[in-house]
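What follows is a single structure, written as structure tokens, with notes after it.
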Amino acid sequence: MVTTSDGITTAGAAFSHLDLALAIVGTRSPALADLVRRYLVVDDRAAQAAYAIPSALAEHDPLVSAFERWVRARMGEPLSIAAAARALGVSERTLQRTVTRTLGCSPIRLVQNLRVEQAEHLLRTTALPLAAVARRVGYESPGPLRALLRDRLGRGARSLRS
């Protein structure tokens, strides 16, 4: 994370030197900082909350953590909350309640968020066509993924690759 106060910019965390360097470059040339981020596959989010959630929050609840692992292991498959609940040995309602209480979103939304996260990574780091990326993250066609990328990230596949 990078913070600036009274003309002083500082960063903390692993690789903070990289965050700090990019923040300084960004004050002179945001375009250059963005280009370097993309070459280094460094995210340009101002905070790490997107990474902390759901993974860090899920660690506080064993069921949510197990559900997240279950989803990630089956990312390219059609998923069902009922099947996940059965595999985890709980009722569907218990799974829904626990995920919502821990993460503030429904299990379906968590699945969609994890798929978007993986799709974004694949689009930024591979040359796979959107249809292939969609299949790898569990969609039969690129349409639903395209809509989710626009909804969740405010950007399309072409924009993520450029």
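Some observations on this one:
- Spacing of the modelled spin labels on R28 and A147, each 7 Å from Cα toward Cβ, amounts to 4.6 nm.
- Label positions at R72 and R93, each projected 7 Å from the Cα along the C-beta direction, are separated by 3.1 nm.
Each reported figure results from applying straightforward, stated rules to the coordinates on display, with no laboratory input. Bear in mind the structure is a predicted one, so any value in this text is a computation, not a measurement. Counting neighbours? That spans all protein chains shown, and the Cβs are built from the backbone with ideal geometry, glycine included.
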